[in-house]
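Okay, structure first, notes after.
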Amino acid sequence: MSSDAAQPSTVAAAKPVIGEEEIEAAVRVLRSGRVVQGPEVAAFEDEFARLVDGRHCVAVNSGTSALHLLLLALGIGPGDEVIVPSFSFAASANAVRLVGADVVFADIDPDSFCLSADAVAAAVTPRTAAIMPVHLYGHPAAMDRIMAIAERHKLAVVEDACQAHGASLHGTRVGAFGDGGTFSFYPTKNMHALEGGMVTTAAPEVARTLRLLRNQGMEQRYANEIVGANMRMTDVSAAVGRVQLSKVDGWTEQRRANAAYLDKHITTRAVTVPPVAEGARHVYHQYTVRVRGDRDGFMEALTGAGIGSAVYYPTPIHRLKPYAEPDRKAGRDWDLPETDRAAAEVVSLPVHPSLTDGELERIAAAVNNWGETQ
Ligand SMILES: *Cc1c(COP(=O)(O)O)cnc(C)c1O
């Protein structure tokens, strides 16, 4: 790609793409006068199926709605427990609480940052209804082992693939392992639809229930079959999403190439670059290193060198108020040492597909220069 400008500007931590094609697609739908869920949404659903090994796809207005409706469609509710990693975005656990079920937190694997299969096995109780692995940062969770635990105990599996469009494990795409999967199209994700989400499932009856739930329980207008919400995607969003979907494979290759560059050129031993599990295809929504030592100092040094960075997530979900307070009242205490350690050590570096060669060099140099001071 292009070389550096004379005066280095700040390298953004994330850079959503809203290009001419996306703008033209949105304008085309706006000019048509038909903006609500319609033919663009239907086409987006058909086309997205190629990213999830042909599963049924149902578009909704956000990744959080996708999780919420999938749990409802699988009949998960009060009295049920769902095993969730605490090291994730709050939406993962929020969806469980929104359907009235109880969140059971399990610890992560320190290499992948995703749910530890051993921790999942230890967290199963007679009330467990589902496991929710999160493919964090774009790395697939240990689905082979998690699916085996689910089969043994007859549990549903809800994949939170909101950060992992196109990731796979041993050739199977995320969103195609469990009873259902969910994707987000928030602007900073690997592809976006302004805002939006997608639910994927192998079961046609679950797909039908999802279509009812997102639209007031109706298939035919005013012939409501069940109680539902309005979580529809607009045709404007879907048109933008279709453009992004046509480009996401190229962007993923660029993210993977950027990550390979950083893996090779970050040579300081003061940070640990992200390992990739055997058989995993990582799509690098984030390129997340561990810093052993002064993380704030590391991030300040990066800022000084004009490199954006971020911590996902500084506070594990079980330490956030809506979770910590009821736990305190119930006398519940989670023992999640790897979650707490990751929250204290991680820093995500820029890996987005718009990075130039010069910017990649600057990122690696800034990291290595800080390492020399340690
Ligand atoms: C972004 C995200 C969500 C929620 O998606 P929204 O579209 O923002 O509602 C859920 N889970 C994870 C892991 C996410 O990163």
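The values are calculated or read from the model by the stated rules, or taken from the named source; none is laboratory data. Predicted, not measured: the structure shown is a model, and the values here were computed from it. Cβ placement follows ideal geometry from the backbone for every residue including glycine, while neighbour counts extend to all protein chains displayed.
With respect to being more than 16 Å from the ligand (Cβ to nearest atom) and surrounded by fewer than 21 Cβ atoms within 10 Å (Cβ to Cβ), GLU24 fits the description.
Just checking, which of VAL58, VAL35 is part of a loop (DSSP other than H, G, I, E, B) and in contact with a helix residue (DSSP H, G or I) (Cβ under 6 Å, 6 or more places away or on another chain)? It would help to see each step written out before you state the result.
Numbers: VAL58 fails: part of a loop (DSSP other than H, G, I, E, B).
The match here is VAL35.
Against the test of being within 15 Å of the ligand (Cβ to nearest atom), over 18 Å from THR64 (Cβ atoms) and out of contact with any Phe, Trp or Tyr (no Cβ under 6 Å at 6 or more places or on another chain), the options ALA122, ALA150, ALA141, ALA129 yield a single qualifying residue, ALA141. For the stretch 188-197, the criterion of a residue being within 14 Å of the ligand (Cβ to nearest atom) and surrounded by fewer than 16 Cβ atoms within 10 Å (Cβ to Cβ) is satisfied by at least one position.
Got at least one residue in the stretch 220-229 being under 18 Å from GLY175 (Cβ atoms), assigned by TED's automatic domain parsing to the domain that holds SER62 and buried (at least 16 other Cβ atoms within 10 Å of the Cβ)? No, that holds for no residue. Scoring ALA176 on the criteria (1) closer than 30 Å to VAL36 by Cα; (2) within 14 Å of the ligand (Cβ to nearest atom) leaves a single failure, condition (2). For the stretch 293-300, does any single residue satisfy the condition of being over 28 Å from VAL17 (Cα atoms) and in a loop (DSSP other than H, G, I, E, B)? Yes - at least one qualifying residue is present in the stretch 293-300.
Any idea which of LEU70, LEU51 is within 12 Å of the ligand (Cβ to nearest atom), at pLDDT 95 or above and either in a helix (DSSP H, G or I) or surrounded by fewer than 24 Cβ atoms within 10 Å (Cβ to Cβ) (or both)? Sole residue among the options that is within 12 Å of the ligand (Cβ to nearest atom), at pLDDT 95 or above and either in a helix (DSSP H, G or I) or surrounded by fewer than 24 Cβ atoms within 10 Å (Cβ to Cβ) (or both): LEU70. Exactly one residue out of ALA130, ALA106, ALA95 is aliphatic (A, V, I, L, M), within 30 Å of GLY38 (Cβ to Cβ), crowded, with 21+ Cβ neighbours inside 10 Å and assigned by TED's automatic domain parsing to the domain that holds SER184: that is ALA95.
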